[in-house]
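These notes are about the structure you will find just below.
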Amino acid sequence: MALNALPGAEAKRGAVRDMFDRIAPRYDRMNRLISAGLDQRWRRAALDHVDVRTGDRLLDLACGTGDFAEHAAARGAQVLGIDFAAQMLRNAQHRGISAQFTQADATALPVADASATALTCGFALRNFVALPEVFAEMARVLEPGGRFALLEVDRPRNPLIAAGHTLYFDRFVPRLGAWLSDRDAYAYLPQSTVYLPPEAELLQMLAAAGFVKVHKRSLLLGAVQLLTGVRGETR
């Protein structure tokens, strides 16, 4: 993936999968460095907001190396982690998490209708090729009343905070990533926010897929967003 050249829809799926396979060995360390360890706190907060607990059947979409899966399993949930990057899944399996992991595309989940009570996804929305199709699959696999929690990056609205965020996220993070991991992958990270629809459009997509009580919460002064909602009784 070339610097400053985001892949179009045709090439995006393969380019993003290859990128995550490359960065998998250092992925967890980079996440902790970039977020100063806050990424784990955000995941715990997301699980709190949708009340994940013993008895839940939780699908962790784009599970990566298993951070969400680990936290959910620790709460007693039965967890299935799904990702399309094989090396990320290998790393998740090596962590000894009490969860199952399988490779699949988010638009064609190998899961029965209405089989999950909860669903999580951490910082992956901008990596999907077709969000409406992903949201439709989320609605299909969640039972009526099932809850979702989606974490994703965001852009602060306050001009002063936005300026500091741009300096850190758009300039410092790519340099740190180039030094410690993969230049192109961590140049892609800030650039990929252009794939995210505006807030109103994103919320409307979720509503159109059949979700109700859809809500956005801003974290870290607007640099991160948490989207939550419930699968409606009908689609």
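The values are calculated or read from the model by the stated rules, or taken from the named source; none is laboratory data. Just so you know, these numbers come straight off a predicted model, no measurement behind them. In this analysis, Cβ positions are derived from the backbone assuming ideal geometry, glycine residues included, and neighbour counts consider all displayed protein chains.
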Discussion item. Just to check your reading of the model, which residue among 202, 206 is under 16 Å from residue 123 (Cβ atoms), assigned to a helix (DSSP H, G or I), at pLDDT 95 or above and of a type outside the set (Val, Ile, Thr)?
Written reply: 202
Worksheet item: Among the residues of the stretch 146-167, is any out of contact with any Gly (no Cβ under 6 Å at 6 or more places or on another chain), at pLDDT 95 or above, among the acidic types (Asp, Glu) and part of a helix (DSSP H, G or I)?
Response: no
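Among 119, 109, 89, which is the only one that is crowded, with 20+ Cβ neighbours inside 10 Å, part of a loop (DSSP other than H, G, I, E, B) and touching a residue at least 24 places away in the same chain (Cβ under 8 Å)?
Numbers: 119 fails: part of a loop (DSSP other than H, G, I, E, B); 89 fails: part of a loop (DSSP other than H, G, I, E, B).
Selected residue: 109, the only one of 119, 109, 89 that is crowded, with 20+ Cβ neighbours inside 10 Å, part of a loop (DSSP other than H, G, I, E, B) and touching a residue at least 24 places away in the same chain (Cβ under 8 Å).
Is at least one residue of the stretch 155-171 closer than 30 Å to residue 56 by Cβ and of a type outside the set (Gly, Ala, Ser)? Write out each step before concluding.
Within the stretch 155-171, the first condition is being closer than 30 Å to residue 56 by Cβ, and the residues that meet it are none.
For the stretch 155-171, residues closer than 30 Å to residue 56 by Cβ and of a type outside the set (Gly, Ala, Ser): absent.
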Practice prompt. Hey, can you tell me all the residues within the stretch 200-235 that are more than 17 Å from residue 162 (Cβ to Cβ), surrounded by fewer than 15 Cβ atoms within 10 Å (Cβ to Cβ) and either among the polar types (S, T, N, Q) or touching a Cys at 6+ places or on another chain (Cβ under 8 Å) (or both)?
Written response: 204, 234
Fill in: Whichever residue in the stretch 63-79 is over 22 Å from residue 37 (Cβ atoms) and surrounded by fewer than 23 Cβ atoms within 10 Å (Cβ to Cβ) and, among such residues, is nearest to the chain's Cα centre (by Cα)
78
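Being in contact with a Phe, Trp or Tyr (Cβ under 7 Å, 6 or more places away or on another chain) and charged (D, E, K, R): is that true of residue 113 here?
Working: in contact with a Phe, Trp or Tyr (Cβ under 7 Å, 6 or more places away or on another chain): no; charged (D, E, K, R): yes.
In short, no.
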Item to complete: State whether the residues of the stretch 224-234 include one that is among the charged types (D, E, K, R) and at pLDDT 95 or above.
Response: yes
Worksheet item: Hey, residue 183 hits all of (1) more than 17 Å from residue 33 (Cβ to Cβ); (2) surrounded by fewer than 18 Cβ atoms within 10 Å (Cβ to Cβ); (3) touching a residue at least 40 places away in the same chain (Cβ under 8 Å) but one; which does it fall short on?
Response: (1)
Discussion item. For residue 197, only one of the following conditions fails: (1) in contact (Cβ under 8 Å) with a residue 60 or more places away in the chain; (2) over 20 Å from residue 219 (Cβ atoms); (3) exposed (fewer than 15 other Cβ atoms within 10 Å of the Cβ). What is its number?
Written reply: (2)
Worksheet, complete the sentence: Residue set 60, 56; condition farther than 11 Å from residue 185 by Cα, more than 18 Å from the chain's Cα centre (by Cα) and at pLDDT 95 or above; output residue 56
Worksheet item: How many residues are within 25 Å of residue 212 (Cα to Cα), surrounded by fewer than 18 Cβ atoms within 10 Å (Cβ to Cβ) and either touching a residue at least 60 places away in the same chain (Cβ under 8 Å) or not charged (D, E, K, R) (or both) if we restrict to the stretch 130-165?
Response: 7
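Kindly provide the set of residues from the stretch 209-235 that are of a type in the set (Ser, Thr, Tyr), closer than 13 Å to residue 146 by Cα and either part of a strand (DSSP E or B) or without any contact (Cβ under 8 Å) to a residue 24 or more places away in the chain (or both), ordered by number. Even if it seems obvious, please write down each step before you answer.
We begin by selecting, within the stretch 209-235, every residue of a type in the set (Ser, Thr, Tyr); these are 218, 228, 234.
Now drop any that are not closer than 13 Å to residue 146 by Cα, which leaves 228, 234.
228, the sole residue that qualifies.
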